[in-house]
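Asker: The structure's right below; bear with me while I get my questions together.
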Amino acid sequence: MDEYIERYGAERIWAATVVLLAVSVALAASLFYQSVYVELIWQYYWGPVVADAHGWSCIAWADGQQIHCSNAGANAGPTAEPGYTFVSYAGYIPTLVLMAIGVLFLVRRLEIERYRAGFFALFPFMLFGGALRVVEDTSVAAYRETGELMMGLPWIGFLISPLIYFTVALLTVLAVVVAVWLDRTDRVSGYEYPLAAIGTAYLTLTLAYLGYASTQPYADFHPLLLVTTLVGATLATAVTWLLIGRFAPEINRGTEYMGVVVIWAHAVDGVANVIGLDWATAFGLEHNLTPKHPINGAIVDITGSVLPPNVVDAIGAAWPFLLVKLVAATFVVWVFNEEIFDEQPRFAILMLITVVAVGLGPGTRDMLRATFGV
């Protein structure tokens, strides 16, 4: 393998691998339509996306009609449900790894420096990803109200997990390329400024659309919930950061103030879940939200089974999720020490960006879902 890498270059081998895999999957789906496309690709990858787009708990193939399972006959073919399975993970994880490798190649090719500045410049993109996912949530709410999707398939599918990760990644890569070009041509004093501006523009347009959606019958607006989530996350982050500085200052010596962003991102996720799952009705929503991820649901189930019902009624069952997120974020900050940044700064920053996105993406979505009542 080293011989091939030295001869052809790692980037060419990566590109050839991506093209070969794409062509192989497309060819197999064409030649073996039923067994490869219907029973594998549709059932485990595309079917769950279509079900999620309609807000259905189950979808049946039904000779390509793709209808709700309750409307399908006994021999309607394979069925699919929103969410992930071991089979879908087996496809998505290698794909994400390939994508991450491609991003590393791009960063190296662009010769980007000032990694820490780039980290902060990408912060609006992390908020944007979660907000963009809520656009699809409003589409589901609109479908329930009107019977029509706001955006037709397959396009709405690119706003649903996991495809939305590729959508946001593509938009981010385009923004990075433009920002670096502006920097290299001396149009700006640093690539981080236009990069942050583009991300802020993405986020602003998305929030403007959600604001418009809140005026429609299928959505609502609860600003106090939004403020409470942001204030709660900020207070939780401040307390955590003060405790680190007081009792274990060595934890944040590698990340420095990037550690604040990491902890705040996961605090938003934690607080948004606590409010949305236990206290949404107190802010005017018709009902509390339901967990969208298995970890959230497991914590709620365990807390509800361990604590007495009267205690759960008083303090809720989702609050341990916030503690888990704060502890996990602090652990990540501790792992990224000075040595990692000295030896592999590019890799360290990319991993930190991923960690923030993993927290802030779902957290922003849960917060805005509750804020707009979808």
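The values are calculated or read from the model by the stated rules, or taken from the named source; none is laboratory data. None of these values were measured; they are calculated from a predicted model. Cβ sites come from the backbone with ideal geometry, for glycine too, and all protein chains shown count toward neighbours. What goes into the accessible areas is simple: the full protein's heavy atoms, side chains included, and nothing from ligands, DNA or RNA. Shrake-Rupley method; radii C 1.70, N 1.55, O 1.52, S 1.80 Å.
Asker: Quick check on my filter: what residues within segment 323-359 are in a helix (DSSP H, G or I), under 24 Å from Ala169 (Cβ atoms) and not hydrophobic (A, V, I, L, M, F, W, C)?
Answerer: Hits for segment 323-359 are Lys325, Pro345, Arg346, Thr354, Gly359.
Asker: Of the conditions (1) of a type outside the set (Val, Ile, Thr); (2) closer than 13 Å to Leu322 by Cβ; (3) at pLDDT below 85, Ala272 fails just one. Which one is it?
Answerer: (3)
Asker: Being open to solvent by less than 20 Å² (accessible area, probe 1.4 Å) and touching a residue at least 60 places away in the same chain (Cβ under 8 Å) is the filter; apply it to segment 178-199 and report the residue that is farthest from Val168 (Cα to Cα).
Answerer: Of the residues in segment 178-199, the ones open to solvent by less than 20 Å² (accessible area, probe 1.4 Å) are 179-180, 190-191, 194-195, 199.
From what is left, the residues that are touching a residue at least 60 places away in the same chain (Cβ under 8 Å) are 180, 190-191, 195, 199.
Numbers: Val180: 18, Gly190: 23, Tyr191: 19, Leu195: 14, Gly199: 10 Å.
It comes out as Gly190.
Asker: Can you find, within segment 225-269, the residue that is modelled with the lowest pLDDT among those that are among the acidic types (Asp, Glu) and surrounded by fewer than 17 Cβ atoms within 10 Å (Cβ to Cβ)? Even if it seems obvious, please write down each step before you answer.
Answerer: From segment 225-269, those among the acidic types (Asp, Glu) are 250, 256, 269; that's our starting set.
Pick out the ones that are also surrounded by fewer than 17 Cβ atoms within 10 Å (Cβ to Cβ) and you get 250, 256.
On the way: Glu250: 89, Glu256: 85.
Once the filter is applied, the top-ranked residue is Glu256.
Asker: So, one more: Got at least one residue in segment 54-77 being assigned to a helix (DSSP H, G or I), free of Cβ contacts under 8 Å to residues at least 12 places away in the same chain and over 27 Å from Ser139 (Cα atoms)?
Answerer: No: zero hits.
Asker: Tell me, which residue of segment 71-83 that is open to solvent by 90 Å² or more (accessible area, probe 1.4 Å) and more than 10 Å from Ala51 (Cα to Cα) is nearest to the chain's Cα centre (by Cα)? Even if it seems obvious, please write down each step before you answer.
Answerer: To start, the set of residues in segment 71-83 that are open to solvent by 90 Å² or more (accessible area, probe 1.4 Å) comprises 71, 74-75, 81.
Still in the list and also more than 10 Å from Ala51 (Cα to Cα): 71, 74-75.
Numbers: Asn71: 32, Ala74: 36, Asn75: 36 Å.
This residue is Asn71.
Asker: Okay, moving on. So the check is Cβ under 6 Å with 6+ separation or different chains; which pairs have a first residue in segment 316-341 that's closer than 25 Å to Leu277 by Cα and a second one that's surrounded by fewer than 21 Cβ atoms within 10 Å (Cβ to Cβ) and hydroxyl-bearing (Ser, Thr, Tyr)?
Answerer: These pairs meet every condition: Ala317/Thr303; Pro320/Thr303.
Asker: State the number of residues belonging to segment 35-56 that are closer than 16 Å to Trp155 by Cβ and open to solvent by 30 Å² or more (accessible area, probe 1.4 Å).
Answerer: Taking segment 35-56 and keeping what is closer than 16 Å to Trp155 by Cβ, we get 46, 49-50, 52-54.
Pick out the ones that are also open to solvent by 30 Å² or more (accessible area, probe 1.4 Å) and you get 46, 52.
Matching residues across segment 35-56 total 2.
Asker: Quick one: would you say Leu368 is of a type in the set (A, V, I, L, M, F, W, C) and farther than 22 Å from Val239 by Cα?
Answerer: Here the answer is yes, as Leu368 does meet what is asked.
Asker: Another one. Of the residues that make up segment 278-297, is at least one among the hydrophobic types (A, V, I, L, M, F, W, C), open to solvent by 20 Å² or more (accessible area, probe 1.4 Å), at pLDDT below 80 and assigned to a helix (DSSP H, G or I)?
Answerer: yes
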